[in-house]
Ligand code: FES
Ligand code: FES
C-alpha cells in the first residue's frame, strides 16, 4: 500500500482549534491562507527571505512559508488576527497606526508579529548581533534604533517605511516597559 501523503491535524490558532486534512507538503502559510481564510498573514517571497508571512509559534517568530502545517500541530500559533486583546488593538498595532508605520500595508502583518516578539525577546534579555555586552548579568541592552533595526531586519518593506516602523516599535516597547513598572527611555 502506498504511504499516505496527507494527515489530519489540529492546529491551535489564536486560541481556537482547527482540525483539517492537509497534504504533508502544505506549509503553515498556505494552511492559514488557503484553508482557514486567515489571510492577514501575507505571502511575499515564499522562500523565507522577506518576513511577510511571520507568525508566532509558541511565542517565537516563525516564517510560516518554511514551516510545514503538520509540524505545527500541538504548538500555539498566533497570527496578526490574534494579537489584539479584549477587543483592543495591541500596543504595537496602535503604534503602527499612530505613527504611519506602513504605506501599502502588505508587509505590515509580518512586521507587527515580529515587533510583538522583538519587544518580548528584548525584555527577556536576549542579545542581538549588535549588542555590545552579551553577558547574561548585563541584562537587556538599551533598545536603541540600531538594536531595533537589527532585530527587525528579517522583515523587508518594499515601500521603505522603515523609519516609522522603527519608531512604532520603539514607542510600543517604551509603553511595555512603562507597563512593567520601568522608567520609559
Ligand atoms: S513569504 Fe515567507 S519569508 Fe517571504
Ligand atoms: S508598507 Fe508596503 S511593503 Fe511595507
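The values are calculated or read from the model by the stated rules, or taken from the named source; none is laboratory data. None of the values given here were measured: they were computed from a predicted structure. Cβ placement follows ideal geometry from the backbone for every residue including glycine, while neighbour counts extend to all protein chains displayed.
Annotations
- Criterion violated by residue 42 - all others in (1) in a helix (DSSP H, G or I); (2) within 17 Å of residue 109 (Cα to Cα) satisfied: (1)
- Unmet requirement for residue 172, which otherwise passes all of (1) within 16 Å of residue 102 (Cα to Cα); (2) touching a residue at least 40 places away in the same chain (Cβ under 8 Å); (3) part of a loop (DSSP other than H, G, I, E, B): (3)
- Qualifying residue in the stretch 144-154 (condition: touching a strand residue (DSSP E or B) at 6+ places or on another chain (Cβ under 8 Å) and either under 24 Å from residue 33 (Cα atoms) or within 16 Å of ligand 2 (Cβ to nearest atom) (or both)): yes
Residue by residue, here is whether (1) farther than 21 Å from residue 120 by Cβ; (2) more than 16 Å from ligand 2 (Cβ to nearest atom); (3) modelled with pLDDT under 95; (4) in the same structural domain as residue 31 (by TED's automatic domain parsing) holds:
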{"position": "43", "(1), (2), (3), (4)": "yes, no, no, yes"}
{"position": "51", "(1), (2), (3), (4)": "no, no, no, yes"}
{"position": "71", "(1), (2), (3), (4)": "yes, yes, no, yes"}
{"position": "77", "(1), (2), (3), (4)": "no, yes, no, yes"}
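- Being surrounded by 15 or more Cβ atoms within 10 Å (Cβ to Cβ) and assigned by TED's automatic domain parsing to the domain that holds residue 154 is a property that does not hold for residue 36.
- Of the residues examined, residue 55 is not one that is modelled with pLDDT of 95 or more, outside the structural domain of residue 22 (by TED's automatic domain parsing) and not in a loop (DSSP other than H, G, I, E, B).
- Matching entry among 86, 110, 160 (being exposed (fewer than 15 other Cβ atoms within 10 Å of the Cβ) and within 14 Å of ligand 2 (Cβ to nearest atom)): 160
- Taking the numbered list (1) surrounded by fewer than 17 Cβ atoms within 10 Å (Cβ to Cβ); (2) closer than 18 Å to residue 93 by Cβ; (3) more than 17 Å from the chain's Cα centre (by Cα) in turn, residue 130 passes all entries but (2).
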